[in-house]
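Engineer: I have a structure here, written as C-alpha cells, and I will follow up with some questions on it.
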Amino acid sequence: MIEIAGIRTESLSDGIGVRTVIFFQGCEHHCFNCHNPDTWEKGKGKLVSLQYILNIIDNDVLSTGVTLSGGCPMCQPEQVIELLKEIKKRNKNIWCYCGENLEELNEKQLELLQYADVLIDGQYIDEMRDDTLAFRGSSNQRILYKNKDF
C-alpha cells in the first residue's frame, strides 16, 4: 500500500507533454507558502494499492508520462520504487519532484532515481519565487536529466 493525496490526469503543467500526476502524502519540508500544504501530514491521505494507481495511469490514454509530486515521493521510497518499476514497463516518461537536493539523497532515494527520467530537486523557497520558470516555483530548484545530471 502507498499513501497518496490524490491523482490528476491529463495534466499539462507538471512536466513536458500530457501527464498523469501522483500527489504523495507526507512531506517533512513544510516550505513557507507551499501550494500543497494539505499533503504534509502522513496519515491524512488515502492508502491505495499499486494496482489502483496503475489502473488510473493505464486509463489516462492521452498521457505520455507520469509525474511524482507531493508532498514528497522520497518519503516513501520503497513503495515508490515498486510503482516506478511497473510504470517503466508501460514505457512512460517519469518526472519526480523532491524537496531534497540530489546531493542530499540517501541510498534508497537514489535507487528510486534509477527509474526517473527527470528530477526537479530542492525545496520551494518563497523569497526565490519566480513565475517565469518552467516547471519550478523558485529559482533554487533545478531540472536534472538522467544520464546527464544523475
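Engineer: Could you tell me which trypsin sites (Lys or Arg not before Pro) in the range 19-125 are loop residues by DSSP with no more than 16 other beta carbons within 10 angstrom of their beta carbon?
Structural biologist: Values: sites: 19, 42, 44, 46, 85, 88, 89, 90, 92, 108; in loops: 42, 44, 90, 92.
Counting only loop positions with at most 16 other Cβ atoms within 10 Å, the trypsin sites (Lys or Arg not before Pro) in the range 19-125 are 42, 44, 90.
Engineer: Still on this structure, I have one more. Looking at the range 2-145, send over the antiparallel percent of its DSSP beta bridges, to the nearest 5. Could you put the intermediate results ahead of the total?
Structural biologist: Numbers: 13 of 25 bridges.
Percentage antiparallel, nearest 5: 50.
Engineer: Please work out which option in (i) 14.6, 46; (ii) 17.1, 57; (iii) 14.1, 40 gives Rg and Dmax of the Cα atoms in Å calculated from these coordinates, and answer with its label.
Structural biologist: Computed from the coordinates, Rg and Dmax of the Cα atoms in Å corresponds to (iii).
Engineer: OK, next. Which of 49, 69, 139 has the fewest other C-beta atoms within 10 Å, and how do the rest follow up to the most? It would help to have the intermediate numbers written out before the result.
Structural biologist: Values: 49 10, 69 25, 139 14.
The fewest-first ordering by Cβ neighbours comes to 49, 139, 69.
Engineer: Assuming R0 = 22 Å, what is the FRET efficiency of residue 146 and residue 12, from their Cβ-Cβ distance, to the nearest 0.05?
Structural biologist: Calculated transfer efficiency: 0.50.
Engineer: Using DSSP, restrict attention to beta bridges with both residues in the range 1-72 and report what percent are antiparallel, rounded to the nearest 5.
Structural biologist: 60 percent
Engineer: Here is a further query. Lys and Arg at +1, Asp and Glu at -1: add these up for the other residues within a Cβ distance under 9 Å of residue 5 and post the number.
Structural biologist: In short, 0.
Engineer: Using helices alone, what [θ] at 222 nm do you get for the chain, with -39,500 (n - 2.57) per DSSP H run of 4 or more residues, divided over all residues and rounded to the nearest 500?
Structural biologist: Working: 3 runs with 29 residues, N = 150.
Theoretical 222 nm ellipticity from helices: -5500 deg cm²/dmol.
Engineer: Right, another one. Using only Cα atoms, locate the centre of the range 52-109 and the centre of the range 21-46, then give the distance between them in Å, rounded to an integer.
Structural biologist: 15 Å
Engineer: May I pose another question? Of 108/148; 85/108; 44/146; 89/146, which ones are farther than 22 Å apart at the Cα? Intermediate values should be presented prior to the final figure.
Structural biologist: Numbers: 108/148 20 Å; 85/108 14 Å; 44/146 32 Å; 89/146 17 Å.
Too far apart for the 22 Å limit: 44/146.
Engineer: Now for a separate question. Give me the one-decimal nm value for the distance between modelled label points at residue 111 and residue 32, 7 Å along each residue's Cα-to-Cβ direction.
Structural biologist: 3.7 nm
Bear in mind that the values in this text are calculations on the coordinates, not laboratory data. Please read these numbers as outputs of a predicted model, since none were measured by experiment. Methodologically, a virtual Cβ is constructed for each residue, glycine included, from the backbone with ideal geometry; neighbour enumeration extends over all protein chains shown.
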